[in-house]
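Worksheet for the structure shown next.
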Amino acid sequence: MSIDNMDKPLIQVQNLGKKFGDMEVLKDISVDIYKGDVVCVIGPSGSGKSTFLRCLNRLEEPSGGHILFEGADIVDKKTDIDKHRQKMGMVFQQFNLFPHMTILKNLTIAPVKLQGKSEKEAKEQALKLLHKVGLADRADSYPNQLSGGQKQRIAIVRSLCMNPDVMLFDEPTSALDPEMVGEVLTVMRELADEKMTMVVVTHEMGFAREVATRVMFMDGGYFLEEAEPGEFFANPKNDRLKLFLSKVL
Amino acid sequence: MWEKLRDDFYQNFIVDDRWKYITDGLQNTLKITFFAVLIGILLGFLVAVIRSTYENTHKLKVLNWICGVYLTIIRGTPVVVQLMIMYFVIFSFHDPGQVFTAVVAFGINSGAYVAEIFRSGISSIEKGQFEAGRSLGFNYAQTMWFIIMPQAFKNVVPTLANEFIVLLKETSVAGYIGLQDLTKGGDIIKSRTYSAFMPLIAVAVIYLVMVMMFSQLVRALERRLQRSEH
Ligand SMILES: Nc1ncnc2c1ncn2[C@@H]1O[C@H](COP(=O)(O)OP(=O)(O)O)[C@@H](O)[C@H]1O
Ligand SMILES: [Mg+2]
């Protein structure tokens, strides 16, 4: 990889806009996300954080702007979005594991069907990753037999099995009982340590402070402030961010 | 009393091998039901996929419209009228045989009901399942096939089974196009012997036993499907 390539952002969001009917949820979003970045997005509920994240892999159809990812414009209808989604893992608040498949099947179906891996190859990789998140003994269980924290760790592994270049997290711990938040954050922290590029919508300020390389504050359809976490939490400049932080910290 | 019943039985089933009306009729009933179910599932599946795809993506507009017309007509008219139109109007120039006609008519009829069953099954699956599939890189069809359909199918097994029980019983109007099914078989015996009790009760019992056996089968299948989910 040339120096030039390394300096180029992995994801370039340019003037992204999103409307639901008449309601303009994202107004003019531009942001560059670099390889190894851990970008935490915080902001009040309903401010458009999920919509932003879901535009990145076009689960929501953007109304305008560009999202450049690995040589393609995600916004462009002609882009083969299915191909690019294979490189963008996504973790949902509600886990969304496939209830009719065993854990192992949940983890291997996409690599086998989409990447042409053999069952054996996919299984080996899945077991290795399961082991890493401490759930190797649950390979033959069904999702409904697991706790919320376990389900979310499996959901993360399911995305990782596709060897993505970026992982998108939409409030991955918000649906969890408090005692299970830690185990999921630990897995995410390990991912960050391994230099996975991550975009994380979260209310976990501790995680943002300790793990993020950058924190962004979204409100009213804009990113109103962006800084590295030390600066972000110690010296917030925007008034609405100050107000928000005073409420959540 | 026993004398009378025995004599009745003899008259209705043994004389002239009249039991053959029942067994031949039963064969036709089973044949029609079996193949109509196949057509119904195939057609219903197709229509459900088209309708769901249109609901989700607004693609396949023309096909969706055609499906809408199909559902409206089939669900809005009696099956016996559809059967007669099929035989006396659509196939009036070239008779492909009564059993074939009945298979087509009942298949098309059943497809309309199965389509709605499948569609409700599909829309009962959480949106998150679809999004999880798409976010992994599965295209629309793959997501439907690997993730949505298996869950939807599991959910609709009881309703679907019920629909087939209804279909089995509905084939009893096949006599309207001169087809000798189980019901018609009993009817013919009745008109030969001038006694209604034996042949009609026999016909009723045979339907009942088939329905009960089928219900058992479905319950076993349901249990198996449930076990794989907990
Ligand atoms: N599919 C949708 N249709 C209409 N409005 C939506 C849809 N999804 C989100 N919204 C609206 O967009 C706004 C932003 O939502 P969201 O991105 O989920 O916010 P956040 O994740 O920050 O809580 C909200 O007002 C929400 O009601
Ligand atoms: Mg949200």
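Derivation of every value follows stated rules applied to the coordinates shown; laboratory data play no part. The structure displayed is predicted, hence computed values, not measured ones. Note that we place each Cβ from the backbone using ideal geometry, even for glycine, and neighbour counts take in every protein chain shown.
Among the residues of B:137-147, the average count of other protein chain beta-carbon atoms within 10 Å of the residue beta-carbon is 5.
Taking the Cβ of residue A:79 as the center, what net charge do the other residues with Cβ under 11 Å away carry, scoring Lys and Arg +1 and Asp and Glu -1?
0
Determine the shape class of segment A:1-109: with a ≥ b ≥ c the square roots of the Cα gyration tensor eigenvalues, call it rounded for a/c under 1.5, and otherwise prolate if a/b is greater than b/c, oblate otherwise. Oblate shape, in that a/c is at least 1.5 and b/c is the bigger or equal ratio. The calculated pair-distance distribution of the protein assembly as shown uses every alpha carbon pair, bins of 20 angstrom beginning at 0, and gives 20, 39, 24, 13, 4, 0 percent. Using r as the Cβ-Cβ distance of residue A:22 and residue B:223, and R0 as 60 Å, what FRET efficiency do you calculate, to the nearest 0.05? It comes to 0.75.
Is segment A:52-98 best put as rounded, prolate or oblate by its Cα gyration tensor, with a ≥ b ≥ c the root eigenvalues, rounded for a/c under 1.5, and otherwise prolate when a/b is larger than b/c, oblate when not?
Working: a/c = 2.37, a/b = 1.61, b/c = 1.47.
Because a/c hits 1.5 or more and a/b exceeds b/c, segment A:52-98 counts as prolate.
Within the straight-line cut-off of under 19 Å between alpha carbons, the lysines reachable from residue A:113 are A:83, A:87, A:105, A:123, sequence neighbours fewer than 8 places apart in one chain being disregarded. Residues of segment B:184-204 falling in the label zone of residue B:1, defined by backbone nitrogen less than 15 Å from a point 7 Å along Cα to beta-carbon, are absent. Counts of other chain beta carbons within 10 angstrom of each beta carbon in peptide A:92-100 average 6. Sorted from greatest to least, the principal axis extents spanned by the alpha carbons of chain A come out as 52, 44, 42 Å. Taking label points 7 Å from Cα along the Cα-to-Cβ direction, residue B:23 and residue B:145 give a separation of 4.5 nm. Is chain B rounded, prolate or oblate when judged by the Cα gyration tensor, a ≥ b ≥ c being the square roots of its eigenvalues, rounded requiring a/c under 1.5 and prolate requiring a/b larger than b/c? Oblate, since a/c reaches 1.5 and b/c is not below a/b. Evaluated with a Cβ-only charge set (Lys, Arg +1; Asp, Glu -1), segment A:18-82 carries a dipole of roughly 180 debye about its Cα centre, given to the nearest 20. Each Cα pair under 8 Å and six or more residues apart adds its sequence gap; the mean of these over the residue count of segment A:1-128 is a relative contact order of 19 percent.
For chain A, give the share of DSSP beta bridges that are antiparallel, in percent and rounded to the nearest 5; count only bridges with both residues there.
Numbers: 19 of 36 bridges.
Just about 55 percent of them are antiparallel.
Neighbour counting of Cβ atoms within 10 Å sorts the residues B:177, B:85, A:42, fewest neighbours leading, into B:85, B:177, A:42. Shown for A:24, A:171: other C-beta atoms within 10 Å of each C-beta, ranked fewest to most, produce the order A:24, A:171. In this structure, the residue pairs whose Cα-Cα separation is over 28 Å, taken from A:151/B:154; A:19/B:127; A:78/A:128; B:127/B:169, are A:78/A:128; B:127/B:169. Of B:65, B:9, B:30, whose Cα points farthest to the positive end of the dipole of chain B (charges on the beta-carbon: +1 Lys, Arg; -1 Asp, Glu; origin at the Cα centre)? Comparing the listed Cα positions along the dipole, B:65 ranks first.
Taking the Cα centre of chain A as reference, the dipole from Cβ charges on Lys and Arg (+1) and Asp and Glu (-1) amounts to some 580 debye.
Projecting the Cα positions of A:224, A:148, A:57 onto the charge dipole of chain A (unit charges on Cβ atoms of Lys, Arg, Asp and Glu, taken about the Cα centre) puts A:148 furthest along the positive direction. As a proxy for reagent exposure, ranking B:1, A:88 by other Cβ atoms within 10 Å from fewest up yields B:1, A:88. Cross-link partners for residue A:132 among the aspartates and glutamates, with Cα-Cα distance under 18 Å and sequence neighbours closer than 8 places in the same chain left out: A:121, A:124, A:140, A:183, A:190, A:193, A:194.
Say R0 is 51 Å: what FRET efficiency, to the nearest 0.05, do residue B:72 and residue A:76 get from their beta-carbon distance?
Details: r = 39 Å, r/R0 = 0.77.
Approximately 0.85, to the nearest 0.05.
DSSP beta bridges in the protein assembly as shown, what fraction antiparallel, as a percent rounded to 5? Here the share of antiparallel DSSP bridges comes out near 55 percent.
Peptide A:79-85 shows a mean partner chain C-beta count of 3 within 10 Å per residue C-beta.
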